[in-house]
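The structure under discussion appears below in the form of structure tokens.
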Amino acid sequence: MATRFDSAGPLRGALRPPPDKSVSHRAALIAAMGEGETVISGYLDSGDTRSTLAAIAAIGAEVEGDGAAVTSRVRVRGVGLRGAREAAIDVGNAGTLLRLLPGWLAGQERGAWTLDGDESIRRRPVDRIAEPLREMGARLRCRDDRLPPLRIDGAPLHGISYELPVASAQVKSCLLLAGLLAEGQTTVVEPLPSRDHTERMLAAAGAELERGDGAVAVKPAERLEPAEIVVPGDFSSAAFFVAAALLVPGSDITLSGIGLNPTRTGLLGILERMGAEIEVEPEPAGGGEPSGRVRVRASELCGTEVGGGEVPLAIDELPLVALLACFAEGETIIRDAGELRRKESDRIASVSEALAALGARVEPTEDGMRIVGGDGLRGGIVDPRGDHRIAMLGAVAGLASGEGVEVSGMDAAAISYPGFEADLASLSRT
């Protein structure tokens, strides 16, 4: 079913975005690996995160939740580091689950697991986790040696030092989880910093980690003891409202409770260069993840160049940078972002195609995009093809366009943000 988003009057008011999806995934997995009961406050209720809860239940964890969408408290009684039982696991559309869970399962003393998912997940490569896990002694099989379904047979692991070819928090996290069950130390060397939610949670649960000089090392553990894990608001979800408020004239909104982990907020630095009027007010630290309030006002933007070390810190927000660039004066170049081609869709191709269909002057490159701005967007039709971020990008584009945008398959947004349309409408009505 198609949903239409027309140019809007000013966005006004306050909003708390939904809980962080990346943190929710990791919280559930680490709770399942733990001893005793772990309470997760603010667990995201979405298609992807429900897949993770179903996965840990399938391998033996006891899961109990209160069912509230945004303020959900989920209780997980873990099976311990080495207690996962055999199962066939449906990861749905959850790429994070597909790439993190094998690290834990590969080091089990016995058992076999198969990870599979929907049509989209079957196109997402797993070779970047399979290769280093095999170096550690893991026994893995996958289709064409790179695609799901992924078969894992438990085996003894040994620690390695592994240099990531491309900065990836998912690959890093997978190897750190495997390292907990390996003999000797496991070290992951990053070419550039990536999000560190896994390291923060493992350290809080009692794992022995060392960080420095572009590397993180973990030593084998006998047990994890996570207590309560608090999930902040999702910065990547909030970013859609940030973009909308910047583009719609007269807008002035406040977003509260947003996670401000510095490995996730690279977008803020990019927007500052583009001339965005944004105020950030940190909240008192509580738990391992910093959070705060962000106020955004409509702004005149200019083009910029995005690349290098800031790309991993803003990888999920780069499609929004491309959208904003359509309205910014001058040229914007996004480079060093080849990782976008490995997301739910090839986001270099899909973002370029979507924006071009709405009237943008955009050229895809091997590792990014070139956008000539200043003219805004005419409007038209966006087909997200099942990618939740393209669906939400189309909605924001519609509010700022001249003729409005029709998004076919808007229900894809439910993968990460089931209440997106209602929250966007609440700001439009204020």
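Just one of the listed residues (THR198, THR187) is in contact with a helix residue (DSSP H, G or I) (Cβ under 7 Å, 6 or more places away or on another chain) and either of a type in the set (Gly, Ala, Ser) or assigned by TED's automatic domain parsing to the domain that holds ILE129 (or both), namely THR198. One residue stands out among those in the stretch 57-88 that are surrounded by fewer than 24 Cβ atoms within 10 Å (Cβ to Cβ) and of a type in the set (Val, Ile, Thr): the one that is nearest to LEU202 (Cα to Cα), which is VAL79. Considering the stretch 148-222, the qualifying strands (runs of 3 or more DSSP E), each wholly inside and each with 1 or more residues that are of a type in the set (Phe, Trp, Tyr), run over 161-163.
Does the stretch 107-116 contain at least one residue that is over 30 Å from ARG385 (Cα atoms), crowded, with 19+ Cβ neighbours inside 10 Å and either of a type in the set (A, V, I, L, M) or more than 21 Å from the chain's Cα centre (by Cα) (or both)? Within the stretch 107-116 (the criterion being over 30 Å from ARG385 (Cα atoms), crowded, with 19+ Cβ neighbours inside 10 Å and either of a type in the set (A, V, I, L, M) or more than 21 Å from the chain's Cα centre (by Cα) (or both)), the answer is yes, since at least one residue qualifies. Entry remark, the stretch 174-197: residues being of a type in the set (Ser, Thr, Tyr) and over 25 Å from GLY307 (Cβ atoms) number 2 in total. Across the stretch 152-175, the qualifying residues are those that are free of Cβ contacts under 8 Å to residues at least 40 places away in the same chain and surrounded by 17 or more Cβ atoms within 10 Å (Cβ to Cβ), and the one among them that is farthest from the chain's Cα centre (by Cα) is ILE160. Here LEU101 fulfils each of the conditions (1) outside any strand (DSSP E or B); (2) in contact with a Leu (Cβ under 6 Å, 6 or more places away or on another chain); (3) not polar (S, T, N, Q) apart from (2). Restricting the first member to the stretch 407-423 and to residues that are free of Cβ contacts under 8 Å to residues at least 40 places away in the same chain and surrounded by fewer than 23 Cβ atoms within 10 Å (Cβ to Cβ), and the second to residues that are aromatic (Phe, Trp, Tyr) and assigned to a helix (DSSP H, G or I), no beta-carbon pair is closer than 6 Å while six or more apart or on different chains.
The rows are residues; the columns are (1) within 19 Å of the chain's Cα centre (by Cα); (2) more than 20 Å from GLY154 (Cα to Cα); (3) of a type in the set (Lys, Arg); (4) at pLDDT 95 or above.
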{"position": "ILE30", "(1), (2), (3), (4)": "yes, no, no, yes"}
{"position": "MET33", "(1), (2), (3), (4)": "no, no, no, yes"}
{"position": "GLU37", "(1), (2), (3), (4)": "no, yes, no, yes"}
{"position": "TYR43", "(1), (2), (3), (4)": "yes, yes, no, no"}
{"position": "GLY47", "(1), (2), (3), (4)": "yes, yes, no, no"}
{"position": "ASP66", "(1), (2), (3), (4)": "no, yes, no, no"}
{"position": "THR71", "(1), (2), (3), (4)": "no, yes, no, no"}
{"position": "VAL76", "(1), (2), (3), (4)": "no, yes, no, yes"}
{"position": "VAL79", "(1), (2), (3), (4)": "no, no, no, yes"}
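Here GLU222 meets the list (1) assigned by TED's automatic domain parsing to the domain that holds SER7; (2) touching a residue at least 24 places away in the same chain (Cβ under 8 Å); (3) not aromatic (Phe, Trp, Tyr) almost entirely, failing just condition (1). Taking the options GLY80, GLY92, name whichever one is within 30 Å of ASP423 (Cβ to Cβ), assigned by TED's automatic domain parsing to the domain that holds ILE40 and of a type in the set (Gly, Ala, Ser). From the options GLY80, GLY92, the qualifying one is GLY92. Among the conditions (1) at pLDDT 95 or above; (2) in contact with a Ser or Thr (Cβ under 9 Å, 6 or more places away or on another chain); (3) not in a strand (DSSP E or B), the only one that ILE89 does not satisfy is (3). Can you find a residue that is closer than 20 Å to LEU29 by Cβ, crowded, with 23+ Cβ neighbours inside 10 Å and either β-branched (Val, Ile, Thr) or touching a residue at least 24 places away in the same chain (Cβ under 8 Å) (or both) anywhere in the stretch 240-247? Checked the stretch 240-247: no residue is closer than 20 Å to LEU29 by Cβ, crowded, with 23+ Cβ neighbours inside 10 Å and either β-branched (Val, Ile, Thr) or touching a residue at least 24 places away in the same chain (Cβ under 8 Å) (or both). Would you be able to say whether some residue in the stretch 116-128 is assigned to a loop (DSSP other than H, G, I, E, B), farther than 25 Å from SER24 by Cα and among the aliphatic types (A, V, I, L, M)? No, because not a single residue in the stretch 116-128 is assigned to a loop (DSSP other than H, G, I, E, B), farther than 25 Å from SER24 by Cα and among the aliphatic types (A, V, I, L, M). Every listed requirement among (1) under 18 Å from ALA54 (Cβ atoms); (2) modelled with pLDDT of 95 or more is met by GLY103 save one, (1). Counting only strands (runs of 3 or more DSSP E) that sit completely within the stretch 251-313, those holding 2 or more residues that are of a type in the set (D, E, K, R) and either touching an Asp or Glu at 6+ places or on another chain (Cβ under 8 Å) or surrounded by 20 or more Cβ atoms within 10 Å (Cβ to Cβ) (or both) correspond to 291-297. Of the listed requirements (1) under 30 Å from SER352 (Cβ atoms); (2) free of Cβ contacts under 8 Å to residues at least 40 places away in the same chain, GLU283 misses just one: (1).
The values are calculated or read from the model by the stated rules, or taken from the named source; none is laboratory data. From a predicted model like this one, the values you see are computed outputs, not experimental measurements. All Cβ positions, even for glycine, are placed from backbone atoms using ideal geometry, and neighbour counts span all protein chains on display.
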